[in-house]
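Trainee: Just dropping this structure here.
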Amino acid sequence: MDVYGLIMNIQNIYSFMIIGYVLLSWLPNARESFIGVWLGKLVEPYLGIFRRFIPPIGGMLDISPIIAIFALRFIAYGLYAVVDFILNMF
């Protein structure tokens, strides 16, 4: 597997974890389950960065996970560009 594939696979897995965590919020008591707590420990620190700057719309609609996924995609592409640049130097 090349570097690009590895970076994109990690980015996709983390994006799906964010989506799963958001979907768990729609089900009663789902975030208190084992999977909900586990996903919360992995995803909430990253989402917390965006929740500090993006307030919920109307007090209920939280768009910070959407922005977080877009930012994660840009980070993955940037990381790939840096790694590709370093590998092509040699």
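Derivation of every value follows stated rules applied to the coordinates shown; laboratory data play no part. Source: prediction; values computed, not measured. Virtual Cβ from ideal backbone geometry, glycine too; neighbours counted across all protein chains shown.
Trainee: Residues of region 70-90 with amide nitrogen under 13 Å from the 7 Å Cα-to-Cβ point of residue 46?
Mentor: 70-77
Trainee: Still on this structure, I have one more. Identify, among 14, 3, 56, the residue whose Cα sits farthest towards the positive end of the charge dipole of the chain, taking +1 on the Cβ of Lys and Arg and -1 on the Cβ of Asp and Glu, with the dipole about the Cα centre.
Mentor: Selected residue: 56.
Trainee: I would also like to ask the following. How many percent of all Cα-Cα pairs in the chain sit more than 16 Å apart? List each step's numbers first, then the result.
Mentor: Values: 2426 of 4005 pairs.
Within the chain, distances greater than 16 Å cover 61 percent of Cα pairs.
Trainee: Work out from phi, with θ = phi - 60° and the Karplus expression 6.51 cos²θ - 1.76 cosθ + 1.60, the ³J(HN,Hα) of each residue of region 10-25, listed in order in whole Hz, and give x for Gly and Pro.
Mentor: Using θ = phi - 60°, the values come out as 5, 5, 5, 4, 5, 5, 5, 5, 5, 4, x, 5, 5, 5, 5, 6 Hz.
Trainee: Let me have the 222 nm mean residue ellipticity of the chain computed from DSSP H runs of 4+ only, each contributing -39500 (n - 2.57), with the sum over all residues rounded to the nearest 500.
Mentor: Numbers: 3 runs with 68 residues, N = 90.
Result for the chain, helices only: -26500 deg cm²/dmol.
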